[in-house]
Amino acid sequence: MARQLGNARLEVIVADITTLRVDAIVNAANSSLLGGGGVDGAIHRAAGSELLAECRTLQGCATGGAKIIRGYRLPARRVIHAVGPVWHGGGRGEDGLLASCYRRALELCQTNGLVSLAFPAISTGVYRFPTDRAAGISVRTVAEGLSHAPIVSQVIFCCFSDASARLHEQALAGLGGPCVD
Ligand code: AR6
């Protein structure tokens, strides 16, 4: 499912994010930026050890932040490491920290001249953020953040299950705007 929002096409797909040929894929990293399981592990495996070598130069990243590096052996040109919050029940600023990941990733696209990017469902795996709540935050934050990142013309919500895709499609439908093929 896809929706046109101003200059940008927003799309929900089910795929392995490491296979996508876009300007940047976002990684759901931890604050060390030195790898882990889930999508982080998949990205490190697919990109090769040079990715880890560049990660070592970054000196980590705060929760809610994002840092950009090269894509190495990935089809994507760049990887944006975003550090989502661990879900503790919602009282520790988790919503704001998750939104911040999406905003910061869009800002990095704008400053680096990147027009297409793909997000995984940050924090919804190991970090246990409720999936429906996270889908709403991700789609709304991207829709709002695009006004500050006018260079971005394609955003893919790359889900890893049909259930996750349905939640993102519902959130996308809630935005209004024309559906596109
Ligand atoms: N492509 C797209 N989505 C994926 C892929 C993939 N190849 N693999 C998993 N997902 P998670 P988090 C989905 O756990 O919750 C790591 O150890 C997955 O189904 O990867 O932010 C890090 O180092 C889920 O929907 O990230 C951190 O320590 C989503 O990606 C910690 O996990 C996020 O799940 C971060 O936890």
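Only helical runs count toward this figure. For the chain, summing -39,500 (n - 2.57) over DSSP H runs of n ≥ 4 and dividing by all residues gives -11000 deg cm²/dmol at 222 nm. Potential lengthening of the chain between Arg128 and His148 amounts to 4.3 nm, from the contour at 0.36 nm per residue minus the alpha-carbon distance. Would you mind checking segment 120-150 for residues with the amide N under 16 Å from a putative spin-label position 7 Å along Cα→C-beta of Arg92? Only 123-130 pass the distance filter.
Would you mind ranking Leu106, Leu167, Leu58 so that the residue whose beta carbon has the fewest other beta carbons within 10 Å leads the list? Walk me through the numbers on the way to the answer.
Numbers: Leu106 28, Leu167 25, Leu58 15.
By the 10 Å Cβ count, ascending: Leu58, Leu167, Leu106.
Taking the inverse of the average 1/r across all pairs of different Cα atoms in segment 1-134, what Kirkwood radius in Å do you get?
Numbers: mean 1/r = 0.0669 Å⁻¹.
Result for segment 1-134 stands at 15.0 Å.
Between Ser32 and Arg70, what length comes free when the chain is fully extended (0.36 nm per residue of separation minus the Cα-Cα distance, one decimal in nm)? Mind dumping the intermediate values first?
Numbers: separation 38, 0.36 × 38 = 13.68 nm, distance 1.74 nm.
Stretched out fully, the Ser32 to Arg70 stretch lengthens by 11.9 nm.
Projecting the Cα atoms of Gly176, Thr18, Leu74 onto the dipole axis of the chain, where Lys and Arg carry +1 and Asp and Glu carry -1 at the beta carbon, places Leu74 farthest toward the positive end.
Here the residues Leu20, Leu114, Leu175, ranked from fewest to most Cβ neighbours within 10 Å of their Cβ, fall in the order Leu175, Leu20, Leu114. Extension gain, Glu50 to Arg9, is 11.6 nm, computed as 0.36 nm per intervening residue step minus the present C-alpha separation.
Normalised by the number of residues in segment 95-181, the average gap of Cα pairs under 8 Å and 6 or more apart makes the relative contact order 38 percent.
Work through the residues other than Leu74 whose Cβ is under 15 Å from its Cβ and net out their charges, Lys, Arg +1 and Asp, Glu -1. Let's see the in-between values first.
Details: positive: Arg21, Arg45, Arg70, Arg73, Arg77, Arg78; negative: Asp16, Asp23, Asp40, Glu50, Glu54.
Here the charged neighbours net out to +1.
Read-outs throughout are calculated quantities, based only on the coordinates presented, and are distinct from any laboratory measurement. It should be emphasised that the depicted structure is a prediction, and the values quoted were computed from it without experimental measurement. Note that we place each Cβ from the backbone using ideal geometry, even for glycine, and neighbour counts take in every protein chain shown.
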